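Please read the structure below before turning to the comments.
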Amino acid sequence: MDKVDCVVVGAGPAGSACAIALARKGIKTVLVERGGNAGDKNVASFVLFGDVLGGIIPGYQKEAPLERAAGDNSFMCLREKDFIEFRARLGSYFENPSIFTAYRSRFDRWFSEKAEEAGAELVRGQLVTGLLKENGRVVGIRVGEDELLADVVVGADGIHSVVSREAGLYVDDTSRYMIGVKEVLELPPEVIEERFLLGPGEGCVRDGWGYPVSDVGGLFTIYTNMDAVSVCLFAPVDAVKEARVNLRERFEDLKAHPYLHALVRDSKLREYEAHILADGGRMKVDRLYDDGVLLCGEAGGFNSGMWIGVPSGMLSGLKAAEAVLRAKRTGRYDAAALSCYRDILFETGLPRMLYNAKRYSDFIVNSARKHMEGFTDNLFGLLEDSIMQEVAFQDPEPFPAIETAYAGLVADYVPAWLARPLRALVGVLGRLESWWTKRRIRRTV
Amino acid sequence: MADRKPDIDEKLSHVAFDIDAEAHITVKKERCGECRPRPCLSACPAENYTWNEAKDELLFNYEGCLECGTCRFVCPLDAIEWSYPRGGFGVRYRYG
Ligand SMILES: Cc1cc2nc3c(=O)[nH]c(=O)nc-3n(C[C@H](O)[C@H](O)[C@H](O)COP(=O)(O)OP(=O)(O)OC[C@H]3O[C@@H](n4cnc5c(N)ncnc54)[C@H](O)[C@@H]3O)c2cc1C
Ligand code: SF4
Ligand code: SF4
């Protein structure tokens, strides 16, 4: 049977980064990918934050298959006929860009070829079906009928990781899983630039919440490629399971919303896609290794909150490679030798990222999903009330900002025991506000 | 929310597949009769699970599988045996 130093399972961003780092240090590495080409199976919205990549492939901006530099970001909230948008454009981002839109199908393929160039052997179109074990220790992989032995196996095989399952490291937490459904909608580049208010070649990323997934705390993204717009709609897997949310129909609702309709009308469908991802915080960093095996990328839970996981996936792949190299120096690949992975991770910002991602994800799971619909309604109500009052000039009373903000944005989320005293306090503050504002009015005009 | 029905066949006609002769997902259909509310029907983004009213049985179509894995998490009766297709087969995204 063949034997190599290291098998990396999965040529996504994490696996290719890991294989590049290993091969550059002369480690005999095999990178196994189930797609006929790396990227064939992979889906993201996709915005690439390129700083980690820049450390691996300096000057990647010139050669990677990228679509548009994305220096124009919006956050928005939708109701059935309404929207509120917050848009930020950072001119410097376009001058020296490190954030881009791209297609994973092309990007992952290019990145996997970098692993080949570095000296790793890339095996395409092969599904890893299990792990080989000896006395409980991982000693290689199974690929259908074939077997391949290795000192160490790195699981970079994404959300449905077979490596983590077989190694007993998988953490099943579907409450943090989101299903993303995406359409790539073709439009001429000039039309995209006109509709999205962009200069030639410039791109934007727009992220939103609310309609048509406010009842389940879903999200959506609208990203510009060169000659197509990628629209992606996310909902929690639990909502699809328990509330029977039908994302196919919700997607049609999203595209029919006035905000979306204005951007993508008359476009042509280029591709329809679906993929699951997990919010960060599912796994623990001291459960990412065992005898002869390590996990990185999505397989190891290296997702930030929201849907960003490519840069953190790449960095965790590099760190897994570092752990393999350190273990090699000791000549041992058992859990004790590989536990250096944990220490190496703690020299980076990844544990901090995971901590924040977990807090964010807890907030989404425990609170935001339940309250998003009410919150969205209140936000729009507040906007309507304040505008209507201030253009009709009928009410001599000043606008009750404190009372309105409390009723609209806070009251629903206050624990029962605090509701009465807080209500009373807000009442007093409201009267004070009114008295103070009237006094200012009389003294000013 | 308006009742906008997507034309799923039209959508899937824009997706490239290298179809294996062998199904990668199998369903123990004898369990489906009892199942309520049959979450797989609404959950699959490719609408691969449908209910045949005439025969009163589940119809499953692995050929249009987008390999997202949603169905493996939604079945309450553990009737879905889920796996990826064999290497090189299945969906081939060009703009993923
Ligand atoms: C809809 C959606 C939108 C997203 N948008 C963004 C975004 O805009 N920006 C961002 O940074 N992140 C985004 N993410 C998250 C990001 O896609 C993941 O965090 C990232 O792909 C993780 O990289 P990875 O290498 O760990 O896993 P993956 O990219 O999933 O790679 C795993 C690889 O392993 C292969 N594989 C799996 N199992 C086997 C097996 N048994 N044998 C052989 N090969 C196997 C797969 O084919 C794949 O190539 C998004 C995710 C989704 C689902
Ligand atoms: S959810 Fe499972 S048991 Fe129910 S109909 Fe679907 S496959 Fe059958
Ligand atoms: S993996 Fe996804 S696309 Fe395939 S049958 Fe299951 S839910 Fe449908």
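Remarks
- Candidate set: segment B:9-24, residues that are within 14 Å of chain A (Cβ to nearest Cβ) and free of Cβ contacts under 8 Å to residues at least 40 places away in the same chain; chosen: the one most open to solvent (accessible area, probe 1.4 Å): B:9
- Checking segment B:2-24 against the condition returns no match, with no residue being in a helix (DSSP H, G or I) and near ligand 2 (Cβ under 8 Å from one of its atoms).
- When residues in segment B:58-81 are screened for being within 13 Å of ligand 2 (Cβ to nearest atom), open to solvent by less than 40 Å² (accessible area, probe 1.4 Å) and in a loop (DSSP other than H, G, I, E, B), 2 of them pass.
- Selected residue (only one of B:27, B:91 is surrounded by 12 or more Cβ atoms within 10 Å (Cβ to Cβ), at the interface with another protein chain (Cβ under 8 Å from one of its Cβ atoms), under 15 Å from the mean Cα position of the chain (by Cα) and in contact (Cβ under 8 Å) with a residue 40 or more places away in the chain): B:91
- Within segment B:30-54, tally of residues that are more than 10 Å from ligand 3 (Cβ to nearest atom), open to solvent by 50 Å² or more (accessible area, probe 1.4 Å) and assigned to a loop (DSSP other than H, G, I, E, B): 4
- Screening segment B:48-71 for residues that are in contact (Cβ under 8 Å) with a residue 40 or more places away in the chain and within 12 Å of chain A (Cβ to nearest Cβ) and picking the one that is nearest to residue A:40 (Cα to Cα) gives B:66.
- A count restricted to segment B:31-47 and to residues that are over 11 Å from the mean Cα position of the chain (by Cα) and either touching a residue at least 12 places away in the same chain (Cβ under 8 Å) or within 16 Å of ligand 1 (Cβ to nearest atom) (or both) stands at 7.
- Considering the conditions (1) in a loop (DSSP other than H, G, I, E, B); (2) at pLDDT 90 or above; (3) open to solvent by 40 Å² or more (accessible area, probe 1.4 Å), residue A:399 is excluded by exactly one of them, (2).
- The residue of segment A:53-77 that is most open to solvent (accessible area, probe 1.4 Å), among those that are of a type in the set (A, V, I, L, M) and touching a Ser or Thr at 6+ places or on another chain (Cβ under 8 Å), is A:66.
- Scanning segment A:251-282 for residues that are open to solvent by 10 Å² or more (accessible area, probe 1.4 Å), facing another protein chain (nearest Cβ under 7 Å) and not hydrophobic (A, V, I, L, M, F, W, C) yields a total of 3.
The values are calculated or read from the model by the stated rules, or taken from the named source; none is laboratory data. Just so it is clear, the structure is predicted and the values come from calculations on it, not from any experiment. Neighbour counts are summed over all protein chains in view; Cβ atoms, including those assigned to glycine, are modelled from backbone coordinates with ideal geometry. All accessible areas refer to the heavy atoms of the entire protein, side chains included, with ligands and DNA or RNA removed. Shrake-Rupley method; radii C 1.70, N 1.55, O 1.52, S 1.80 Å.
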